[in-house]
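The values are calculated or read from the model by the stated rules, or taken from the named source; none is laboratory data. Bear in mind that the values here come from a model prediction, so they are computed numbers and not experimental data. As a convention, Cβ positions derive from the backbone with ideal geometry for all residues, glycine included, and neighbour counts pool all protein chains shown. When the accessible area is computed, the model is the full protein with side chains, heavy atoms only, and any ligands, DNA or RNA have been set aside. Shrake-Rupley method; radii C 1.70, N 1.55, O 1.52, S 1.80 Å.
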Amino acid sequence: MGTYMITGATGGIGASIAESLAARGHDLLLVGRSADRLAKTATDLGSGAAAKTQTFDPAAPASVAPAPRIRTLVLDLSEPPRIEAALVEAGLPDRLDGVVHSAGVVELGRVAEMEADEWAEQLMVNLVAPAELTRLLLPALRAARGQVVFINSGSGLHANPGWSAYAASKHGLRALADSLRAEEPDLRVISVYPGRTGTDMQRKVRAQENAAYEPGSYIEPATVARVVVNALETPRDAVVTDLTLRRQSAV
């Protein structure tokens, strides 16, 4: 089993990926802004994962495999210069099998309306923080020949009116992934471009678009998680570099 760090682990896609990896017995380092939400997530995952790892061998007494170790780390990704000190204080494993960058923020607005602080927050959280965190984790990732997953967006492939700042941050994230892949050939780097997904972020987007949030009209976070975990489990003779997911149209 491996050790994975997941940002944005208390909700949406990040939480679903954490649940999937915990169910497979991997150790996790969950990253988020709220200590309370992180503690609840860790408790929920720990109890659920322990139940799922129970095994039965008809030739031996029933046994329970050790539950994965789940740790938490409170980080404010809107302030990337403070990440290094937080990691030093927390103490990191010497080997890290993967990091999943799932945290993100969004603020819609036309170019004529968006102010500098709105641009800055999205660029810091969505781009600069993943770059800085990856830089600091590279020694541990190299030691394990690990994997880096960037949860991007359809906005990382094309930009629509009103999405300039968010799309710019996600286009930059795509460039970061492509450069990292070329610079670190022993690592596997995966960019994931989900369409609209049923998360709290999507609720906020729909409110900013003055439109209703319609459950069932979006990709499920668990579906994205399944795709990501499958990519992480790709045999070493291949690498999944880019994954695009779109909502299946109703028949």
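Tabulated values for the structure
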{"item": "Filtered residue count, segment 1-42, keeping only those that are part of a strand (DSSP E or B) and open to solvent by less than 30 Å² (accessible area, probe 1.4 Å)", "result": "9"}
{"item": "Positions within segment 143-161 being open to solvent by 20 Å² or more (accessible area, probe 1.4 Å) and small (Gly, Ala, Ser), in sequence order", "result": "ALA143, ALA159"}
{"item": "Boolean, ARG181 is in a loop (DSSP other than H, G, I, E, B) and within 28 Å of LEU96 (Cβ to Cβ)", "result": "no"}
{"item": "Residue count, segment 4-28 (criterion: under 25 Å from LEU127 (Cα atoms) and out of contact with any helix residue (DSSP H, G or I) (no Cβ under 8 Å at 6 or more places or on another chain))", "result": "1"}
{"item": "Qualifying residue in segment 168-189 (condition: touching a Lys or Arg at 6+ places or on another chain (Cβ under 6 Å) and either more than 25 Å from LEU133 (Cα to Cα) or at pLDDT below 95 (or both))", "result": "no"}
{"item": "Test: residue in segment 43-60 that is part of a helix (DSSP H, G or I), at pLDDT 95 or above and within 20 Å of the chain's Cα centre (by Cα)", "result": "no"}
{"item": "Subset tally (residues that are assigned to a strand (DSSP E or B) and modelled with pLDDT under 95) for segment 142-162", "result": "0"}
{"item": "In segment 69-127, residue surrounded by the fewest Cβ atoms within 10 Å (Cβ to Cβ) [restricted to those that are assigned to a loop (DSSP other than H, G, I, E, B) and of a type in the set (Gly, Ala, Ser)]", "result": "ALA112"}
{"item": "ARG247 open to solvent by 60 Å² or more (accessible area, probe 1.4 Å), in contact (Cβ under 8 Å) with a residue 60 or more places away in the chain and among the basic types (Lys, Arg)", "result": "no"}
{"item": "Output for segment 165-195, where each listed residue is touching a residue at least 12 places away in the same chain (Cβ under 8 Å), polar (S, T, N, Q) and out of contact with any strand residue (DSSP E or B) (no Cβ under 8 Å at 6 or more places or on another chain)", "result": "SER169"}
{"item": "LEU133 not in a helix (DSSP H, G or I) and not charged (D, E, K, R)", "result": "no"}
{"item": "Breaking point among (1) under 18 Å from ARG247 (Cβ atoms); (2) crowded, with 18+ Cβ neighbours inside 10 Å; (3) not small (Gly, Ala, Ser), for GLU220", "result": "(2)"}
{"item": "Pairs with Cβ under 7 Å, 6+ apart, first in segment 212-234 and among the hydrophobic types (A, V, I, L, M, F, W, C), second assigned to a loop (DSSP other than H, G, I, E, B) and open to solvent by 60 Å² or more (accessible area, probe 1.4 Å)", "result": "ILE219/ARG196; ILE219/ARG247"}
{"item": "Answer residue from segment 230-244, given it is part of a loop (DSSP other than H, G, I, E, B) and either out of contact with any strand residue (DSSP E or B) (no Cβ under 7 Å at 6 or more places or on another chain) or within 13 Å of ASN152 (Cβ to Cβ) (or both) and is least open to solvent (accessible area, probe 1.4 Å) among those", "result": "THR234"}
{"item": "Any chance PRO185 is open to solvent by 20 Å² or more (accessible area, probe 1.4 Å) and under 25 Å from VAL229 (Cβ atoms)", "result": "yes"}
